[in-house]
Amino acid sequence: MALLTGAPRGTKDVLPSEVYQWHYMEETLRKAAADFGFSEIRFPTFEHTELFLRSVGDTTDVVQKEMYTFTDKGGRSITLRPEGTASVARSFVEHSLFGAGLPVKVYYIAPNFRYEKPQAGRLREHHQFGVEYFGSERPEAEAEVIGLADTFLRRLGLKDLHVQLNSIGCRECRPAYHAALKEYFEAHRESLCPTCLERMERNPLRILDCKNESCAKVAENAPVGLDYLCDDCRDHFEAVQTYLKEMGIAFSINPRIVRGLDYYVRTVFEFVSDAIGAQGTVCGGGRYDGLVSAIGGKDVPGLGFGSGIERLLLVMEAQGVEIPKPHGCDVFLAGLGDDAGLPVEKLIFQLRQLGISVERDTMGRGLKAQMKYADRIGAKYTIVIGSNELEEGTANVKQMETGEQTSCKLNAEDIARLVRGEACQG
């Protein structure tokens, strides 16, 4: 029978043979976040569309081109979550998380959905590790968030990553920069795509993020935002750099980083790798002091970052980072004859209750085929139980790697001791 259909374009199955890589990744991320004092938050897969229009910005590619938006049966406009920050901010406001005191520091591991051309490590359904930090407007907060990103990337074993920083100003100094950008791009109207012509009137900063080749070429000579920073933004940005130097985190200044979402202000940053080609950003984020108020909350500053798990796995593979494989099966129990069926099933259940990983044959294989199967699944020990073993109440436990056999009483407790490397009673 032919398969009705494959997985939708831009999605990917994570198979049993590779899911251990995801487990390792997630455990590493959770431990790093906990070490920095971040707690996990979970939120819905879809939100009201208005949330993303007000937070992400209606001049961004995400809102204009990439969102999965539909009308539900109640006539409401619903969108599959394209990014996590807006959802966390909504939860922060809705549940008054600030009531327990600031700062509020949370992380998440969750899928996001964007209708865009699938590329290396960036699928239409992709998974993201993100952190959000609410309450502090001080430069120490940026240093802590960037420090967390640097820490988990190093713990994953990644090398040759470059940290790039920029400041895109605040609500006080950005209007002057916007005016300079508008004047510059106005002189190059004929080279801009229709989308950027619209952006020029509403948010010319977005033109710097356009992927159109002609627009990107024009943007290369556009005014630089760092030249328009107010004194407060300049001092703040210099303080962030001072903290990073003191922490031993190397970085460079890239005045073309603006990030793809409208809510960013002041510091923005990216961790970049050359291991997966041109689309080499493996982690990016920054400050978004106006986001909470934009969705109806108090004026609480915030910052954070997101990192794509698929992309991280690609970089690890490209750099030859080995991910530890799970230990596999502890014991393979082979039953011989009809008499062994019930006792073997009981013993297997008892061993599993003691925390021992046990497998058995359920396909009717002969003994030789069962031993081959035990070897294939990586069983550390094998035990063959037939009428003699049942009558005598003992069994030979074979260590597969060395071939050494040890006699042991046929009960779960003694077998568990042997598997754990403890003295066997038999």
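Derivation of every value follows stated rules applied to the coordinates shown; laboratory data play no part. Since we're looking at a predicted model, the values are computed, not measured. Glycine also receives a Cβ, built like all others from the backbone with ideal geometry; neighbour counts cover every protein chain displayed.
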Seminar exercise, completed: Hits for the chain under the membrane-span-like helix rule (DSSP H, Cα axial span at least 15 Å, Kyte-Doolittle mean at least -1.0) are 19-35, 139-155, 174-186, 341-353
Exercise. If you average the sequence gap of Cα pairs under 8 Å that are 6 or more apart and divide by the length of segment 331-419, what percent do you get for the contact order?
Worked result: 33
For this session: Bin width 20 Å, alpha-carbon pairs only: give the P(r) of the chain as whole percents, running from 0 to the bin holding the largest distance.
Result: 22, 43, 23, 12, 1
Problem set entry | Qualifying aspartates and glutamates (Cα of each under 15 Å from Cα of K325; at least 8 residues distant if same chain) | E18, E26, E27, E317
Seminar exercise, completed: The Cα radius of gyration of segment 331-419, divided by 2.2 N^0.38 Å with N its residue count, comes to 0.97
Problem set entry | Full-extension gain in nm, S387 to E345, via 0.36 nm per residue minus C-alpha separation | 13.6 nm
Exercise. What dipole magnitude, in Debye to the nearest 20, does segment 331-419 give about its Cα centre under +1 on Lys/Arg Cβ and -1 on Asp/Glu Cβ?
Worked result: 340
Problem set entry | Ordering of 161-169, 220-228 by burial proxy (mean other Cβ atoms within 10 Å per residue, highest first) | 161-169, 220-228
Seminar exercise, completed: For the chain the mean separation of alpha carbon contacts under 8 Å (6+ apart) over residue count, i.e. relative contact order in percent, is 15
For this session: Among the listed pairs K12/K346; K117/K217; K105/K380; K73/K117; K159/K380; K105/K182, give every one whose C-alpha distance is greater than 32 Å.
Result: K12/K346; K105/K380; K159/K380; K105/K182
Seminar exercise, completed: Any aspartates and glutamates whose Cα falls less than 17 Å from that of K298, other than same-chain ones fewer than 8 residues away, would be E94, E132, E137, D289
